[in-house]
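Please read the structure below before turning to the comments.
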Amino acid sequence: MKSGVWFGALAGACWGLVFLAPALLPSFSPLLLTSGRFVAYGLLALLLALPMLPRLWGKWQWQELPALLRLSLTSNILYFLLLAAAVQRIGIAATSLIIGLLPLTITLLGRGEGNAPPLKRLLWPLVAVLAGVACINLDAVWGTGSATGGTWEPLLGLLLALAALASWSWYAKDNAKCLQRTPYDSNEWSLLVGICSGVLAGLIWAGLIWLWPASVQPEAAEGDWQLFWGLNLMLALVSSWLGYLAWNACTRRMPLTLTGQMVVFETLFALLYGFIYLQRLPNLLEMLAIVLLLGGVMAAVRFHLVPEEGIVESPANLPRR
């Protein structure tokens with residue numbers, strides 16, 4: 001379980017980067033950003049999967065295909081499309097406020113697990129996580145509302161972020177179930193999802209060229225296109241492949257209620273990258289948020305390691321693959 005925490009932190013470090021791309025490329029539509037990112041990811045996943053194709057084909061069962069397509073849509077295509085659209089309307093901070101609620105939603109979805117502690121034991125850690133996310137974004141949300149008052153853009157951005165939250169919450173539970181029954185290891189499963197995502201993104205790109213050609217010809221300078229493909233290649237390698245590899249390894253090592261707490265690292269690293277980009281240190285409110293977030297996660301870890309009767313669970317009782 002301790003290694004699962006490290007894998008969860010690594011996944012958060014990788015995923016925190018995805019909030020930057022829509023902000024750095026405002027002239028590119030969310031649909032184009034999504035298509036470009038996952039076309040690059042699909043090509044990378046196919047390249048990495050080539051040496052293991054005989055082994056993958058030996059394990060292949062056609063009933064796996066619906067799950068792969070479903071996970072590719074919910075965790076990749078749909079989630080990033082909604083997130084990018086929200087970032088371009090309400091900014092990184094306000095969007096991360098909504099996405100930062102993932103520890104709460106995933107924990108609630110995982111309540112039925114037999115090895116999870118009662119929800120009442122997780123109440124205060126969850127309150128701390130929620131308070132920390134609120135502290136991070138309090139000033140930013142007020143600033144967004146005052147800067148864009150009188151328009152529907154903030155409300156639309158809020159709804160898009162909530163939809164992204166729902167999409168990834170559903171994926172987390174669905175993926176955990178799939179990993180329990182699939183014959184593939186974490187890396188193989190991640191690559192298969194990547195290949196499916198690439199195929200879907202390629203079809204979207206082709207559809208854009210056919211039905212909406214103006215969307216693939218944004219008013220962007222040549223340097224923007226270089227940044228577009230450079231960011232997509234980085235996100236393909238770091239955020240998609242490495243991030244989901246680490247997340248699958250995390251998912252195999254801990255119950256879903258604790259896995260949900262690991263998503264808080266995405267918010268923390270998104271905040272860190274934002275500080276580096278803005279070249280400043282966190283203020284007192286942001287420091288308080290970091291303490292609350294890390295404190296909530298560590299408390300949740302302890303409640304999973306130490307049952308209510310005070311006896312530490314043996315590794316044999318913990319889910320592993």
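Readers should treat all values here as calculations from the given coordinates under stated rules, not as data from a laboratory. These numbers come from a predicted model, not from an experiment. Counting neighbours? That spans all protein chains shown, and the Cβs are built from the backbone with ideal geometry, glycine included.
In table form, for the structure just shown:
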quantity: Under-5 Å amide H pairs with GLY100, H placed in peptide plane, nonlocal only; calculated: none
quantity: In Hz, Karplus ³J(HN,Hα) per residue of the stretch 164-174 (6.51, -1.76, 1.60; θ = phi - 60°; x = Gly, Pro); calculated: 5, 4, 5, 4, 6, 5, 5, 4, 4, 6, 5
quantity: Ranked GLU64, GLU219, GLU153, criterion: other C-beta atoms within 10 Å, fewest first; calculated: GLU219, GLU153, GLU64
quantity: The stretch 1-82: C-alpha gyration tensor shape, a/c 1.5 cut-off, then a/b vs b/c; calculated: oblate
quantity: Phi-based couplings in Hz for the stretch 84-100 (Karplus 6.51, -1.76, 1.60; Gly and Pro marked x); calculated: 4, 5, 5, 4, 6, 9, 10, x, 5, 5, 5, 5, 5, 4, 6, 4, x
